[in-house]
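The values are calculated or read from the model by the stated rules, or taken from the named source; none is laboratory data. Note that the coordinates shown come from a computational prediction; the quantities given were computed from them, not determined experimentally. For neighbour counting, all protein chains shown are included, and Cβ atoms are generated from backbone atoms with ideal geometry for every residue, glycine included. Please note that ligands, DNA and RNA were not included when accessible areas were found on the heavy atoms of the full protein model with its side chains. Shrake-Rupley method; radii C 1.70, N 1.55, O 1.52, S 1.80 Å.
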Amino acid sequence: QVQLVESGGGLVQAGGSLRLSCAASGRTFTMGWFRQAPGKEREFVAAITWSGSSTYYADSVKGRFAISRDNAKNTVYLQMNSLKPEDTGVYYCASQHALSRQIEVASYKYTYWGQGTQVTVSS
């Protein structure tokens, strides 16, 4: 069983930055960040393979967000720059339960989920 705990959310003005962390206990594989805004479905943000050699981003965050991981600390990060009000939402990290040939963007492909951390971007 894998447990994931997110941290680093908060309130920031548009144009600002935040760094989210996701600390994992247990074996993780490809990990992803998802977000959910009020009244909207959960959407994919970014993902990274276990080795860190491959990453993938949603078009809406490409060039502004960066995902990374430190396997020695069993932690995944999401550096968020040039934040916009539309980035507001609860951010969740998730892990797949096995190795995968490709990075998945569908939430059902991820087995383990954290409790989420709120990110609010004011205009």
Out of all the residues in the range 1-48, which are under 10 Å from Tyr77 (Cα atoms) and among the basic types (Lys, Arg)?
-> Arg19
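Residues checked against (1) in contact (Cβ under 8 Å) with a residue 24 or more places away in the chain; (2) within 20 Å of Arg69 (Cα to Cα); (3) in contact with a Ser or Thr (Cβ under 9 Å, 6 or more places away or on another chain); (4) not in a strand (DSSP E or B):
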| position | (1), (2), (3), (4) |
| --- | --- |
| Val5 | yes, yes, yes, no |
| Val12 | yes, no, yes, no |
| Arg19 | yes, yes, no, no |
| Cys22 | yes, yes, yes, no |
| Phe29 | yes, yes, yes, yes |
| Phe34 | yes, yes, yes, no |
| Pro38 | yes, no, yes, yes |
| Ala46 | yes, yes, yes, no |
Right, Tyr56: at pLDDT 95 or above and either assigned to a loop (DSSP other than H, G, I, E, B) or out of contact with any Phe, Trp or Tyr (no Cβ under 6 Å at 6 or more places or on another chain) (or both) or not?
-> yes
Those residues that are surrounded by fewer than 15 Cβ atoms within 10 Å (Cβ to Cβ) and under 14 Å from Cys93 (Cβ atoms), I need them from the range 56-72; list them, please.
-> Ser68, Asp70
Would you pick out the residues in the range 82-123 that are over 18 Å from Gly9 (Cβ atoms), open to solvent by 80 Å² or more (accessible area, probe 1.4 Å) and among the charged types (D, E, K, R)?
-> Arg101
Cβ-Cβ under 6 Å pairs, at least 6 apart or on other chains, the range 73-93 side on the phi > 0 side of the Ramachandran plot, far side in a strand (DSSP E or B) | Asn74/Ala24; Gly89/Arg35; Gly89/Gln36
Does Ser51 count as in a strand (DSSP E or B) and under 23 Å from Val5 (Cβ atoms)?
-> no
Filter the range 30-51 for residues that are open to solvent by 30 Å² or more (accessible area, probe 1.4 Å) and within 15 Å of the chain's Cα centre (by Cα); which is farthest from Tyr108 (Cα to Cα)?
-> Trp50
